Structures are given as C-alpha cells and as structure tokens.
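Shown next, in structure tokens, is the structure this report addresses.
The values are calculated or read from the model by the stated rules, or taken from the named source; none is laboratory data. In this text the structure is predicted, and so the values were computed from the model without any measurement. Counting neighbours? That spans all protein chains shown, and the Cβs are built from the backbone with ideal geometry, glycine included. SASA here: full protein model, heavy atoms, side chains in, ligands and nucleic acids out. Shrake-Rupley method; radii C 1.70, N 1.55, O 1.52, S 1.80 Å.
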Amino acid sequence: MKIKSANYLQGTIELPGDKSISHRAAMFATLANGSTKIENFATSADCASTLSCLEKLGVEIKREGSTVYVQGVGKTGFTAPTEDLDCGNSGTTMRMLAGILAGQNFNSVLVGDESLSKRPMQRVILPLQLMDAEIASEENHAPLRITGKNPLRAITYGSKVASAQVKSCILLAGLFADGKTAVLNPRSKKPTPNSRNHTELMLKYLGVELEEQYLVDGTDFIHKITIDGNSELTARDLNVPSDISSAAFFLVAGACLPNSEITLKNVGLNPSRRGIVDVLQNLGAEIEILDEREVCNEKVGDLRVIGSASLTSKPESNVLKGDVISNIIDEIPVLAVFGTQLENGLEIREAEELRVKESDRISAVVENLRRMGATVEEFSDGLRVEKSKLKGATIDVYHDHRIAMAFAIAGLFAEGETTINDAEWASVSFPAFFETLERLKR
Ligand code: S3P
C-alpha cells in the first residue's frame, strides 16, 4: 500500500464495532440461555476467528453484515469439536476460550497462526491448572491441548499481569467452578480497573452478580473480582460501540494536520479504554466529546478532532508510564508516531507488555520510525521519540495490524511516499482502514 502525504482530513465516519467487546458479545451470547442479536459486531478477522471457533463447538450463528445472531447453548450445551479450533491471530480468542473450554466435559485443541503461537500462554495455563484443568502446551505456547473438567476447583488467584484477557479467562473458568473464584489484579494507584473491564460490565448486563472490591494496601489498590460458579447468563440483545482503538489512528492524524476536522460517531468511551483521548488532549490535541451516553453498560459518545499547526503540551505530559499504560496499550504504536510531531517528543516507559503483542511492538515501532528518519531511543520497557521531520520509507509491519495502520498515519506527515508492505494485516482489526483513510484525505 502506497501512502502519500495529506493536506488535511475531513469528514464524519462511523467505525466498525469494538474488537474486544465483539469477542465478549459472541462468547457470552453463546453461554447465555436464549438467543441474542448483536448489532455493530466487529468486521475484524480476529472476531471472525471467535465466531468460527464457536461454530465448531456446535453453536448456531447467523451473520448479516455487522449484525450477528447467536443461539445460546448455556454453559454446558456445547458439542465436542471434531477438529482443532483455529484462533488465527487473536490472543483474546485463545485466552478467553481457554477459560470456557477448561470447564467442559470434553477435550479441545486451540491453535493459532505463527504470531499467536509465539505469544505467552503461561499466564492462563497456570491459573487453569490450579483450577484442575489439564492443559498441555508447547513450552507454554499454543497449541493448547485442553482436557476439560466439570466442575473445576474454585480458586483465588493473584495475577501478575494487568491483563483483561487473563482476568476474563479466569472469570469464565470460574463459571464452571464448585464455589466462588476470585481474581486479584496487580496493584494500582487508583481504585479503578487497571485493565479493560468489558467482561465485568457485560457479565453484569447479562445478569451475573460479580462482586468487585478494591483492597487497600498502603497507598495502592488491588482490584478483586469474584464470580460464583452457580451463575447463569441471561440472553439480552447487545449493541457494540465503535472501536476507540481504531478511532485512535484518525484522532492522531486529525490532531496533527492543520485544518482537519473529523467527527467519529458512536465511539466506545469506557473509562478503562479512553486513556488515548485524555493523553492526546494533555499533549495538545483538540478533541471534543459530544453526546456522551450509555449503551449496554458501556459509555459511548461522538468524538470531534480539530487539526492544529502547533501542539503545545505541559512537559510532564510527555512521559507516559504507570497505570495509564494498560489503558492505552493498543494505541502506543500510533502514539509514538504522534510523538514525532510534538515539540518535546514523547517517552513511553513501563510498557514491556508491548514486546509480547502481535509483534514486538517496541522494536517494530523503533525500527520503522528510524527508517522514516526519526530520532528514537529504544529501552527494554519502551521508547523515546524526538520531534522529527519524517520522510517516506518502506515499512515492515511484522504481521501486526496496528503497525500497518500506525505507519500509514506516519506516511501522511512524511515527505515523499511511504510503502506499507503486507498492508493487508490491517484487516485483523479494521478491514476497511485504508478505504476509510482515503475517503477522509484532502
Ligand atoms: C484485550 C486485552 C489487551 C489488548 C488486546 C485485547 C482484550 O490485551 O492488548 O488487544 O480484548 O481483552 P491483554 O489482556 O494482554 O493486556
């Protein structure tokens, strides 16, 4: 894909449904008793992987554009799969399904593509084994061969990573346990979830009585979530907000190109996901939130971004670390690109999780920014980028959708043409990304 620089971006768009929420909508609708209509279901390849795994488990699913109809089977109405369940590139599919499959009375095998097969699975294998599930892996990597057990053993588990996939996996397995299962998340400085809480919000929306507490430890808080193995999910229609992680690319482009004005409709603004909006605003971006409302327990609103010739920020805003990192984890590649346009540059630390995403996102961002002429320093836990004049280059996306899209945005600010190799990886989360970008470009 060839990207030429842009004068500015203009228009109103509605982006596809949120990837994280769509995975949960499909899985929870399946576990519910009754049928569910899901509107604005993500168009991403990752969420298609979730649907196809569920179909291989005997679930009846009908797809009409972005509307998906799921016939719930309850917690134990699955049929044993006759083939491996292919999660493709999707970590959320593999880690969350592992929780559900651990509690079934049949065996299953979860497989993934080359990138997913390199990602750490110990973080879900360990708690599931403590719950009595048998899981064989290739040295803690996929394929995961699960010998399900019902009921599982209820546990209280302290997770070392602030990961929504890990806590969701344990909570889902907890639905099949003989008592109450609790997850203690890593400590944080505020009594708010330190990873996205779509699972908690949707389970509650479907009638599950989760208990949530913030344990105080000195000046820190520990978010404890407890689920009862007797809980049942009641089917209710779901409406998925547009994906704020996809919106992030347009927020960055719109903020940096003077005279731009983009309105993004119906964007998910869950407080555990909207960090990108606050961070961009603190760094001088002009972003307005309009018509904030609540849909199916999730905050939603429209975002308007206006381009500016000079972005001014307080110096302390230019170092991002601590609790904010998990809130902006998927937006860091495009934030690093944003950093090249800031007077004081941008430093991102305590973000070592980026090394185990769809690619090693620290090294992928550093390598590609350098190709474009930016001054960047790499740390084991992050990077520092200086204000830089970018020039067109050939980008290697390392099989990573967010690298493909982040560097398409960098191409808009660069002198000369940027070539994104294997740009089709964008479809893992946003198949129409390049068309949407072209539509807005002036
Ligand atoms: C996700 C959680 C995050 C995020 C991923 C989607 C989810 O991963 O990076 O893109 O849907 O739960 P971790 O749970 O590994 O932090």
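Suppose we filter region 41-61 for residues that are of a type outside the set (A, V, I, L, M) and open to solvent by 30 Å² or more (accessible area, probe 1.4 Å); how many remain?
Qualifying residue count, region 41-61: 6.
Counting only residues that are in contact (Cβ under 8 Å) with a residue 40 or more places away in the chain and out of contact with any His (no Cβ under 8 Å at 6 or more places or on another chain), region 193-238 holds 25 of them. Within the bounds of region 94-101, is there any residue that is open to solvent by 30 Å² or more (accessible area, probe 1.4 Å) and either within 16 Å of the ligand (Cβ to nearest atom) or outside any strand (DSSP E or B) (or both)? No: region 94-101 contains no residue that is open to solvent by 30 Å² or more (accessible area, probe 1.4 Å) and either within 16 Å of the ligand (Cβ to nearest atom) or outside any strand (DSSP E or B) (or both).
The lone criterion from (1) more than 16 Å from the ligand (Cβ to nearest atom); (2) of a type in the set (A, V, I, L, M); (3) assigned to a strand (DSSP E or B) left unmet by VAL183 is number (1).
Where strands (runs of 3 or more DSSP E) fall entirely within region 316-414, those with at least 2 residues that are more than 30 Å from GLU114 (Cα to Cα) are at 346-348. Would it be correct to say that SER380 is open to solvent by 10 Å² or more (accessible area, probe 1.4 Å), of a type outside the set (Asp, Glu), farther than 25 Å from PHE413 by Cα and not assigned by TED's automatic domain parsing to the domain that holds GLY91? Yes: the conditions hold for SER380. So which residues in region 102-143 are in a strand (DSSP E or B) and open to solvent by less than 10 Å² (accessible area, probe 1.4 Å), if there are any at all? The answer is SER108, LEU110, ALA142. Tell me whether region 43-52 contains one or more residues that are modelled with pLDDT of 95 or more, touching a Leu at 6+ places or on another chain (Cβ under 6 Å) and within 16 Å of the ligand (Cβ to nearest atom). For region 43-52, residues modelled with pLDDT of 95 or more, touching a Leu at 6+ places or on another chain (Cβ under 6 Å) and within 16 Å of the ligand (Cβ to nearest atom): absent. Do you know which of the residues in region 290-343 that are open to solvent by 60 Å² or more (accessible area, probe 1.4 Å) and more than 25 Å from ARG384 (Cβ to Cβ) is nearest to the ligand (Cβ to nearest atom)? Result: LYS299. Among the residues in region 433-440, are any over 22 Å from the mean Cα position of the chain (by Cα), of a type in the set (Phe, Trp, Tyr) and more than 23 Å from LYS321 (Cα to Cα)? Among the residues of region 433-440, not one is over 22 Å from the mean Cα position of the chain (by Cα), of a type in the set (Phe, Trp, Tyr) and more than 23 Å from LYS321 (Cα to Cα), which makes the answer no. Taking residues in region 332-357 that are in contact (Cβ under 8 Å) with a residue 60 or more places away in the chain, and partners anywhere that are open to solvent by less than 10 Å² (accessible area, probe 1.4 Å) and aromatic (Phe, Trp, Tyr), the pairs with Cβ atoms closer than 6 Å and at least 6 places apart or on different chains are VAL334/PHE249. Residue count for region 22-40 under the criterion of being open to solvent by 10 Å² or more (accessible area, probe 1.4 Å) and either among the basic types (Lys, Arg) or within 13 Å of the ligand (Cβ to nearest atom) (or both): the result is 1. For PHE434, the requirement of being of a type outside the set (Ser, Thr, Tyr), assigned to a helix (DSSP H, G or I), under 26 Å from SER49 (Cα atoms) and touching a residue at least 24 places away in the same chain (Cβ under 8 Å) is met. Please determine, by comparing only the residues of region 197-228 that are open to solvent by less than 10 Å² (accessible area, probe 1.4 Å) and not hydroxyl-bearing (Ser, Thr, Tyr), which one is nearest to the chain's Cα centre (by Cα). Going through the qualifying residues, I end up with HIS198. Condition check: crowded, with 16+ Cβ neighbours inside 10 Å and among the polar types (S, T, N, Q). Does SER66 satisfy that? No; evaluated as a whole, the condition is false for this residue.
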